[in-house]
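The values are calculated or read from the model by the stated rules, or taken from the named source; none is laboratory data. The shown structure was predicted, so the numbers you read here are calculated from the model rather than taken from an experiment. All Cβ positions, glycine included, derive from the backbone under ideal geometry; neighbour counts span all protein chains shown.
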Amino acid sequence: MPSATPYRKIIHIDMDAFYASVEQRDEPEYRGKPIVVGGSPEGRGGVVATASYEARKFGIRSAMSAKQAKQLCPQAIFVRPRFAVYKEVSQHIREIFRRYTDLIEPLSLDEAYLDVTEDKLGVGSAIEVAKQIKQAIQEELNLTASAGVSINKFVAKIASDINKPDGLKFIGPSAIEKFMENLPVEKFFGVGKVTAEKMKKMGLHTGADLKTLTEQELTQHFGKVGGFYYQIVRGIDNRPVQPHRETKSMGAEDTFAYDLTTTEDMHEELDKIAQTVAARLDRYQLKGRTVTLKIKYSDFKQITRNQSFNHPVRDADTLTQTAKQLLAATNPEDARIRLLGISVSNFGEQPIKEKKTVIGEQLSLF
């Protein structure tokens, strides 16, 4: 557990189904119905940005193809995103945050960390501050948010997801270690599907299982992030809330269950990855001038190739075509590829105008 130094008071605020909730607020006929915000399921199809809770009951989730969402819930109503509206709402939410603290770390349009160790209004209680923020969002914007409260960022973020929607969960210092021991490994920072599978094959299913390994063993099996697992399973996360985070790059990658050996399979996977990256760029309203392709082969050799543009890009078609061209230059015909990734960087100043394409998963905008 953390040392005797004074505990931080950290709140993680996460808006509930943000885009869909704004649409249901503004359009009465959408209320109580399965709403999917994102691309159209027709033609080549788009991607789900977010879905209302009514739609999520059918298994619809962010970054899923709109076509698949339509199959899961034929009666779903598909709505084009209105990013100018979401941004305006997000700015109002941030104004509410600023009433209590200037230590605000936005993660996306609908999500942020707040450090209220010393709150501006002298409330003193992080739980009470979270309640007041939730109430203000409800009264002023007619939307709901969920909040997690703890002494560090990791636990606060996990806590905010426990009682969604409209939830509030406090995990205090004395409860953290037991909470972390009971946490499934897939909930840990940096643990994706592939790492979770690896852990489970090693008999590691919960934080308590991870706790049986030394820091050296965790690092040996999982690389640098193993050191983070060692710390966090003991309730230690000393990362401060950073008010001015600058995004250097944004991307996505996938490790495959089997090696890709045909360009057709490689292209299919690049299509999916490009859609995910475009969705994230969309949500953060970012465009970049450099597209990078990452390739890891079956022998774990890894290479990257990139291409820069005179103008910033973020649409899925450009990302896909660029990645395929970069792949072609590596002579993939005889390759066995276990991982592909696409990232965009070199953002710079970007006056963002009305969006032309619809892609995305729900991110945040504070």
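For every residue, the table says whether it meets (1) more than 22 Å from the chain's Cα centre (by Cα); (2) among the basic types (Lys, Arg); (3) closer than 23 Å to residue 17 by Cβ.
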site: 124; (1), (2), (3): yes, no, no
site: 132; (1), (2), (3): yes, no, yes
site: 149; (1), (2), (3): no, no, yes
site: 186; (1), (2), (3): no, no, yes
site: 207; (1), (2), (3): no, no, no
site: 210; (1), (2), (3): yes, no, no
site: 213; (1), (2), (3): yes, no, no
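Screening residue 163 on (1) under 29 Å from residue 248 (Cα atoms); (2) assigned to a loop (DSSP other than H, G, I, E, B) shows it passes everything except condition (1). Assess whether residue 72 counts as being touching a Leu at 6+ places or on another chain (Cβ under 7 Å) and surrounded by fewer than 23 Cβ atoms within 10 Å (Cβ to Cβ). No: the conditions fail for residue 72.
Residue 148: within 18 Å of residue 110 (Cβ to Cβ) and either touching a His at 6+ places or on another chain (Cβ under 8 Å) or among the polar types (S, T, N, Q) (or both), yes or no?
Working: within 18 Å of residue 110 (Cβ to Cβ): yes; either touching a His at 6+ places or on another chain (Cβ under 8 Å) or among the polar types (S, T, N, Q) (or both): yes.
Yes: the conditions hold for residue 148.
The residues listed here are 358, 344; of these, the one that is farther than 14 Å from residue 303 by Cβ, modelled with pLDDT under 85 and within 19 Å of the chain's Cα centre (by Cα) is 358. Taking the criterion of being outside any helix (DSSP H, G or I) and crowded, with 16+ Cβ neighbours inside 10 Å, the residues of region 207-238 that qualify are 211, 213, 233, 234, 235, 236, 237.
Annotation: of all residues in region 20-69 being of a type in the set (Asp, Glu) and crowded, with 16+ Cβ neighbours inside 10 Å, the one that is farthest from residue 279 (Cα to Cα) is 54. Checking each residue in region 165-182 for being over 21 Å from residue 126 (Cβ atoms) and of a type outside the set (D, E, K, R) picks out only 182. Residues satisfying the criterion are absent from region 319-329 (criterion: modelled with pLDDT under 90 and surrounded by 14 or more Cβ atoms within 10 Å (Cβ to Cβ)). Of everything in region 286-344 that is among the small types (Gly, Ala, Ser) and touching a Phe, Trp or Tyr at 6+ places or on another chain (Cβ under 9 Å), the residue that is farthest from residue 270 (Cα to Cα) is 288.
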